[in-house]
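Reviewing the structure listed below.
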Amino acid sequence: MKNIPFYIDGVHGGFMKVEGIMRLEQDGIYLEFQVKDSLVEAYKSSVKTHFLVLKDIDTVELKIGWFRTRLFIFAQSGKILEAIPGNDLTQRVFSFKRGNRPALASMVSQLNLELSELKLKELDERYRLS
């Protein structure tokens, strides 16, 4: 799947921002990002990678507004998202530019389909054993 650029604003009290790319892979979401100073842009961290496994993702929600497009990823545990900078324990909010909306909508649709299939398999296994 295609790499989609994202950013996260308001990290560390608004002094830092995160820029990176994400793509949907077979078993989850691959993230590659860098933390930057939002004021002077004098500081840049090394590029970090993180893989969110599908079974650890609780829900995904896409909100498209007039000026912003945001993707909310809710995890089942705070430990899962600790490597990704953000303000909430079990949620991360990724923002996208307007030009990436079609690719993002396609990715979220595919992701929701895969999450639904995974949850159905878990339910099937749970009730098949009982």
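Points worth noting:
- Leu118 vs. criteria over 19 Å from Asn3 (Cβ atoms), over 14 Å from the mean Cα position of the chain (by Cα) and in contact (Cβ under 8 Å) with a residue 40 or more places away in the chain: yes
- Scoring Thr59 on the criteria (1) touching a Leu at 6+ places or on another chain (Cβ under 9 Å); (2) modelled with pLDDT under 90; (3) of a type in the set (Ser, Thr, Tyr) leaves a single failure, condition (2).
Results for (1) in contact with a Leu (Cβ under 9 Å, 6 or more places away or on another chain); (2) not polar (S, T, N, Q), shown as yes or no for each residue.
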residue	(1), (2)
Lys63	yes, yes
Gln110	yes, no
Glu114	yes, yes
Arg128	no, yes
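- The residue that is modelled with the lowest pLDDT, counting only those in the stretch 71-130 that are among the acidic types (Asp, Glu) and within 14 Å of Lys55 (Cα to Cα), is Glu122.
- Matching residues, the stretch 98-130, being within 19 Å of Gly28 (Cα to Cα), charged (D, E, K, R) and surrounded by 13 or more Cβ atoms within 10 Å (Cβ to Cβ): Glu114, Lys119
- Any hit, the stretch 1-14, residues being free of Cβ contacts under 8 Å to residues at least 60 places away in the same chain and in contact with a helix residue (DSSP H, G or I) (Cβ under 8 Å, 6 or more places away or on another chain): no
- Matching option when the condition is in contact with a Gly (Cβ under 7 Å, 6 or more places away or on another chain) and charged (D, E, K, R), among Glu25, Glu32: Glu32
The values are calculated or read from the model by the stated rules, or taken from the named source; none is laboratory data. In this text the structure is predicted, and so the values were computed from the model without any measurement. Quick reminder, even Gly has a Cβ in these numbers, built from the backbone with ideal geometry, and neighbours come from all protein chains shown.
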